[in-house]
1. Using R₀ = 25 Å, calculate the FRET efficiency as 1/(1 + (r/R₀)^6) where r is the Cβ-Cβ separation of Leu38 and Arg66; round to 0.05.
2. Taking a quarter of the surface of the Cα convex hull of the chain, what do you get in nm²?
3. Between Thr51 and Arg20, take the C-beta separation as r, use R0 = 41 Å, and let me know the FRET efficiency to the nearest 0.05.
4. If each DSSP helix of 4+ residues adds -39,500 (n - 2.57) and the sum is divided by the residues in the chain, what number results at 222 nm, nearest 500 deg cm²/dmol?
5. Quick one: accessible area per residue over the chain, 1.4 Å probe, rounded to a whole number of Å²?
6. Calculate how steeply helix 51-67 sits against the longest principal axis of the alpha-carbon atoms of the chain, using the helix alpha-carbon long axis, and give the answer as 0 to 90 degrees to the nearest 10.
Amino acid sequence: MRSTPVADAVGGVSQVTNDRAFDRMIQAGAHPTTALALGCELMRNWARPGTDDFRRIFNWYFDQQRSLGLLDAKILPSVGR
């Protein structure tokens, strides 16, 4: 069985605490991923039903990142609206 913790969905008291926790998980054989990567893996085929809902979630996520100044619109422009 493969363990895949979602790195950007974990909270902790500090970055150091998170980093060390992931170091231990990786040493134990875990394969960390991100929420977006996990979502894309779950979808696998973007032509299937339900993908419009997922696209709305992705667009919301990237809009939030842009509004916080964490994502440059030139790097990843809004798509699929």
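1. 0.70
2. If you wrap the Cα atoms of the chain in a convex hull and average its projections, you get 7.1 nm².
3. Computed FRET efficiency for Thr51 and Arg20: 0.65.
4. -15500 deg cm²/dmol
5. I get 78 Å² per residue for the chain.
6. Roughly 70 degrees, rounded to the nearest 10.
The values are calculated or read from the model by the stated rules, or taken from the named source; none is laboratory data. Just so you know, these numbers come straight off a predicted model, no measurement behind them. Quick reminder, even Gly has a Cβ in these numbers, built from the backbone with ideal geometry, and neighbours come from all protein chains shown. SASA here: full protein model, heavy atoms, side chains in, ligands and nucleic acids out. Shrake-Rupley method; radii C 1.70, N 1.55, O 1.52, S 1.80 Å.
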